[in-house]
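I have placed the structure first, in the form of C-alpha cells, so that the comments after it can refer back to it.
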C-alpha cells in the first residue's frame, strides 16, 4: 500500500482534500515549573554532586481541555520525587489532571558534556524500550509505557542558568500512516451511541486507576452497549463482535490533527495487533469533561510493515523538541533572581 | 519590593505563627472563611469544575491545619489569548473604566463598566453571566525567560546549533510544532500565553488568595513582572503584587487579599438582599467571579450554572 502525500499546502487545512493523506501529528510541548529547577539544584548539591547517571523523572499532563490551547507535559517539584520525599505517592493518585508520563533525565556537569551527549543514541534507546514494551505485551498491560520522554540538562549553579532539551520519542513507521480527514465525534456517534461513548469516557477518566491510563478501547457491542476497556482486551472484544475504537488522551487542540501520542499507539496497533486499519478517537475535553464536539475520529490506514519480529530490526525514531525559536536546539532559563543567594540578599536589604 | 510591603509581610508572618486559625464561621458576617470552610468550598469547586484540583505541594511548606493532600487548589494551562492592557485601551476608547469609590468598594474596578452600562450600588457585584470572550487579537512573541536579562540568555546557543547534527525529517510531523491561535502572516508568530492559577488560604486575612504563574507562547516561564500585563492595569502593582508563594518555589504574581473579605461581604449582602441565602461551599465561585475583574483575559473555569444559594425565589 503506498502512501499519498498531500501537496505542500498549509498542513492544518489538509482536511479539505477528501482523499487519504499522510496523517500529521502535532508535537508534544514541554513546560517546566520553577519548583522543578529548585529541586534539581538541591538534588545536584546534596545528592548527585558529580554523578551523571540518568535519573528517573515523572512528567504530568491532562487531555486537551480548551479548544484553543493544547496541553503540555509539565515538570514540577514532584517530578523528581523518586519516592524519596515525604510525599506519599497516594497523594498523587486520584488527581485526574496529573496523568503521569515517565521520563529519564541526563544531567551533565558541564555545558560541554551537555553538548557532547549522543542525542540520537539516547532517543534511539528510549524508542527501543517502547518497542520492546510493545513486542513483549507489557504496553498492552500498562498503556502508560507508550508515552515516554527524555530530558537532557545542564544546571549551572554559579550563574543559575539551566539548559535543557526534551525529546518525546515516537516510533516512525517506515511508510507514514494515512487517513481521510477526521470527523467530529459527535457526528460519528449520535443519539444513544454518543451518550454511551460520553459516559464510558467520563467513567474511564474519573476512577482510579484507569484515569491515569492514557490509551484505551471503546467497545460498542452489537446491542449498542458502550464500554471503555484496557488495550489488553482487544482480542476478547473483537471476538464479541460490534465495533472497537482505539482511544487516547489527546493533548492536541487542533481540529484536523491528532497529537503526538497517537504515533506510538499506531506502532503498537501494527506490531501487536497486526492491524492495517484502525478507527481512532482523539479524546479531548471541555471544562474538564468529555466533549464529543472537541473529540475527532480518524479512520487510519497503517501500511504494511517490515518484519519487526526480528529484534535486530529496530525502527527509526524521532522526537527532539524544537526550542522557543522553533529551531533544533536546547532551551535555557535563568533563575538567578529567585535562586542566587547574593541577589536574594540584596533584594532583601 | 517596597520596604513597607516587606515590613508588612514580616508582621503578618509573625502574627500567623503566633495566632491560631479561625474556627468559628464568620462567612456571612465578615466574608471570611475558616480552614474547614476553605476545604469545603475547595471540594465543591473541584467537583463542579474538574479542571481544578487539590495539590499537596512541597512537604516542607505544609500547613498543619489542612490535610496533606489538600494544601491548595490549582488549575493549569489556562489560556490567555490577549493582554489585559490592550483590552483596556479599547475600553478607554468607548469611555474608559469606572473606578468605584475607594472607601466603599475597596477600590475594585467595574472592569466592564463602560461597556455594560450603568451602574448603581450593585455594580461591584460581578455579573453572574459568563464574561464574554473578547475578540481575539494577535499577540507577538515575547522572549520572556524567567529572571535574568536578555544578554544572559543562552550564551552558547549559536555554537550549539553548529555543533549539533540532529536533523529529523519526517513527513508525519506537523509543522509548526506548536500552535497558534491565529497564525498571522510570516514571522510575527502568534502564540498563546498560558497560566497556572493557584488558590491558597491566607491565614492572616482568613480568605482565599489567588496566584498567577505565567508561561509565554513557547511554554517558557514568564517573568512575574510580565504577568502584570495580564492584570487589569489599575490593579497591577497595587492590588496585584509579586511575592513568595506559600507552597510553590519562586516569586509569583498574586492578588493581595487585604480587601477580599470586604468585597466578599458586599457580594454576600447583595445576595441576601435579593433573598438568596448564600452557602459557604459556593464561596469560591463567587470569589473567582470577582477575581475575573482583575484578570479579565485569563479564561479559567468558574462556571456555576446552578443555584447560588439554598433558597428559591
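The values are calculated or read from the model by the stated rules, or taken from the named source; none is laboratory data. Note that the structure is a prediction, hence the values are computed from the model and not measured. No Cβ is skipped: glycine too gets one built from the backbone with ideal geometry, and neighbour counts run over all protein chains shown.
Figures for the structure shown
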{"read-out": "Filtered residue count, the range A:234-245, keeping only those that are under 25 Å from the mean Cα position of the chain (by Cα) and either surrounded by 18 or more Cβ atoms within 10 Å (Cβ to Cβ) or not in a helix (DSSP H, G or I) (or both)", "value": "3"}
{"read-out": "Helices (runs of 4 or more DSSP H) enclosed by the range B:197-313 - at least 1 residues per element that are under 15 Å from residue B:75 (Cα atoms) and more than 14 Å from every other protein chain (Cβ to nearest Cβ)", "value": "B:283-291"}
{"read-out": "Unmet requirement for residue A:82, which otherwise passes all of (1) closer than 24 Å to residue B:62 by Cβ; (2) facing chain B (nearest Cβ under 7 Å); (3) at pLDDT below 90; (4) in contact with a strand residue (DSSP E or B) (Cβ under 8 Å, 6 or more places away or on another chain)", "value": "(2)"}
{"read-out": "Options B:17, B:22; residue that is free of Cβ contacts under 8 Å to residues at least 24 places away in the same chain and surrounded by fewer than 20 Cβ atoms within 10 Å (Cβ to Cβ)", "value": "B:17"}
{"read-out": "Candidate set: the range A:118-143, residues that are in contact with a helix residue (DSSP H, G or I) (Cβ under 7 Å, 6 or more places away or on another chain) and either surrounded by 16 or more Cβ atoms within 10 Å (Cβ to Cβ) or in the same structural domain as residue A:264 (by TED's automatic domain parsing) (or both); chosen: the one nearest to residue A:319 (Cα to Cα)", "value": "A:130"}
{"read-out": "Candidates B:40, B:100, filtered to the one that is in contact with a helix residue (DSSP H, G or I) (Cβ under 6 Å, 6 or more places away or on another chain), within 22 Å of residue B:302 (Cβ to Cβ) and modelled with pLDDT of 90 or more", "value": "B:40"}
{"read-out": "Enumerated strands (runs of 3 or more DSSP E) restricted to the range A:262-331, each holding at least 1 residues that are farther than 23 Å from residue A:103 by Cβ and not assigned by TED's automatic domain parsing to the domain that holds residue A:73", "value": "A:277-283, A:296-301"}
{"read-out": "Some residue of the range A:193-209 being within 14 Å of chain B (Cβ to nearest Cβ), farther than 23 Å from residue A:67 by Cα, part of a helix (DSSP H, G or I) and modelled with pLDDT of 95 or more", "value": "no"}
{"read-out": "Which numbered condition residue A:268 misses (of (1) buried (at least 23 other Cβ atoms within 10 Å of the Cβ); (2) under 21 Å from residue A:185 (Cβ atoms); (3) out of contact with any strand residue (DSSP E or B) (no Cβ under 7 Å at 6 or more places or on another chain))", "value": "(2)"}
{"read-out": "The range A:27-54, residues that are in a helix (DSSP H, G or I), over 17 Å from residue A:333 (Cα atoms) and within 14 Å of chain B (Cβ to nearest Cβ)", "value": "A:43, A:46"}
{"read-out": "Odd one out for residue A:215 among (1) surrounded by fewer than 22 Cβ atoms within 10 Å (Cβ to Cβ); (2) within 20 Å of the chain's Cα centre (by Cα); (3) within 18 Å of residue A:100 (Cα to Cα)", "value": "(1)"}
{"read-out": "Some residue of the range A:272-281 being within 14 Å of chain B (Cβ to nearest Cβ) and out of contact with any strand residue (DSSP E or B) (no Cβ under 7 Å at 6 or more places or on another chain)", "value": "no"}
{"read-out": "Flag if residue A:222 is buried (at least 16 other Cβ atoms within 10 Å of the Cβ) and either farther than 20 Å from residue A:98 by Cα or touching a strand residue (DSSP E or B) at 6+ places or on another chain (Cβ under 7 Å) (or both)", "value": "no"}
{"read-out": "Residue that is in a helix (DSSP H, G or I) and buried (at least 18 other Cβ atoms within 10 Å of the Cβ), where the choices are B:45, B:7", "value": "B:45"}
{"read-out": "Looking only at the range A:25-42, and only at residues there that are farther than 13 Å from residue A:75 by Cβ and in contact with a helix residue (DSSP H, G or I) (Cβ under 7 Å, 6 or more places away or on another chain), the one that is surrounded by the fewest Cβ atoms within 10 Å (Cβ to Cβ)", "value": "A:41"}
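Let's see how each residue does on (1) touching a residue at least 60 places away in the same chain (Cβ under 8 Å); (2) under 15 Å from the mean Cα position of the chain (by Cα):
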position: B:219; (1), (2): no, no
position: B:225; (1), (2): no, yes
position: B:247; (1), (2): yes, no
position: B:253; (1), (2): no, yes
position: B:261; (1), (2): yes, no
